[in-house]
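Below: the structure, in structure tokens.
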Amino acid sequence: SYFGDSNVAASAAAQMDNMVIGGQTISAKVLHDSKSSCATEKSIDLSKDTSSHTYQKTDDQFGPMYSGDKIIPEQYAECKRVPKIPGNGKPRSYASLLGNEDAIPLLYEMLGELMRLQLRSKDDKNAKARRRLVMGLREVARGIRANKVKMVIMANNLDEYGAIDAKLQGIIDSAGEKDVPIIYELNKRKIGKAIGKTIKVSVVGIQNADGAQVQFKALKKMHHQAS
């Protein structure tokens, strides 16, 4: 079951209805419920099976989820079991764009140069002290809390997913409290490309802008003007 925003639940139900998984046809619909800690209003029922086999999902069949060797609390594990709804490539509502056409080339220049400098110092025994970028929702959130991240480059098209949205909101809240600017001009693919990777990247935190201070200050000024 998924308990969350009604629009997300309805969209997930529409996509999953009549989906064949493991030789079984899944029937998905939106139901009223209020028992989950993930949200408050509705749920997608995945318990019905329209195939010739009888199959009923129960809480006992899931078992614990792990992050490394640690058990994830059930209230978060429930969110992680929710099927992801892939983005359509367009910016989601959380992304407030700067509206300045100069922002994108500045981002490419800044991220590319900082990544180049970080890779150059990779074999240096003091490289960690000069670490310029951190990547990933967890690392960026940790960096903000530790007052190490000075700017966040967040993809504007993250998948709609309970666990991701919870971490996203946590970063937005922490950044607001610490007065850390968040830039949403790039999507996941473009962030990956900017740092020389072929994979999609959700978020990058800038810890040290030395080597790209001109671009960093220009972007920070744009963010201040747009706020």
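The values are calculated or read from the model by the stated rules, or taken from the named source; none is laboratory data. Not measured: the values here are computed from a predicted model. Neighbour counts run over all protein chains shown; Cβ positions are idealised from the backbone, glycine included. The area values use the complete protein model at the heavy-atom level, side chains included, leaving out ligands, DNA and RNA. Shrake-Rupley method; radii C 1.70, N 1.55, O 1.52, S 1.80 Å.
Does Ala209 meet the test of being in contact with a helix residue (DSSP H, G or I) (Cβ under 9 Å, 6 or more places away or on another chain), open to solvent by less than 30 Å² (accessible area, probe 1.4 Å), at pLDDT 90 or above and assigned to a loop (DSSP other than H, G, I, E, B)?
yes
Would you be able to say whether some residue in segment 67-77 is among the aliphatic types (A, V, I, L, M), within 26 Å of Ser174 (Cβ to Cβ), at pLDDT below 90 and open to solvent by less than 70 Å² (accessible area, probe 1.4 Å)?
yes
Can you give me the ranges of the helices (runs of 4 or more DSSP H) entirely in segment 112-204 with at least 1 residues that are open to solvent by less than 40 Å² (accessible area, probe 1.4 Å), charged (D, E, K, R) and out of contact with any strand residue (DSSP E or B) (no Cβ under 7 Å at 6 or more places or on another chain)?
188-194
Just to be sure before I move on: is Ser174 under 14 Å from Arg145 (Cβ atoms) and of a type outside the set (D, E, K, R) in the structure I sent?
yes
Considering only residues of segment 78-118 that are at pLDDT below 90 and basic (Lys, Arg), which is farthest from Met222 (Cα to Cα)?
Out of the qualifying residues, it is Arg81.
So which residues in segment 119-151 are within 19 Å of Ala194 (Cβ to Cβ) and either of a type in the set (Phe, Trp, Tyr) or at pLDDT 90 or above (or both), if there are any at all?
The answer is Arg132, Leu133, Val134, Met135, Gly136, Leu137, Glu139, Val140, Gly143, Val149, Lys150, Met151.
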